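Undergrad: First, the structure itself, so that you have it in front of you.
What follows is calculated from the coordinates using simple rules that are stated; it is not laboratory data. Here the structure is a predicted model, which is why all the values come from computation and not from measurement. When we count neighbours, we look across all protein chains shown, and the Cβ atoms used for this are built from the backbone with ideal geometry, even at glycine.
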């Protein structure tokens with residue numbers, strides 16, 4: 001099931017629909033599924049509250065735009081770009097923020113990551129239901 005249609009992509013007004021939209025949507029869905037721990041394999045996205053559904057769709061739109069613009073299709077591709085050598089010049093990307101490292105782990109754009117975090121994905125904390 002696609003999380004975002006080409007028509008919905010246009011409504012977000014973040015750019016023109018890519019020619020290879022279906023392929024990019026599939027690749028973006030893999031990254032979003034990894035980050036959301038495959039929640040939407042068990043819960044229907046259309047049954048989620050409107051704000052959460054729209055955040056996932058907008059994250060997908062940002063991710064599709066990112067995949068198209070960068071050409072980075074996997075976390076391995078992103079890791080390979082941690083250093084670049086052009087002739088005798090070498091650039092190393094280190095000291096990046098924790099959020100950027102997390103985005104790299106899932107090959108998510110920072111915009112997509114922010115959208116998903118805004119509706120509660122990515123929260124890793126203890127919940128204590130014990131009452132004293």
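Undergrad: Quick check on the exposure proxy: order 12, 42 from fewest to most C-beta atoms within 10 angstrom.
TA: 42, 12
Undergrad: Then there is this: Only counting other Cβ atoms within 10 Å, I'd like 37, 88, 53 sorted with the fewest neighbours first.
TA: Ranking 37, 88, 53 by Cβ neighbours within 10 Å, fewest first, gives 88, 37, 53.
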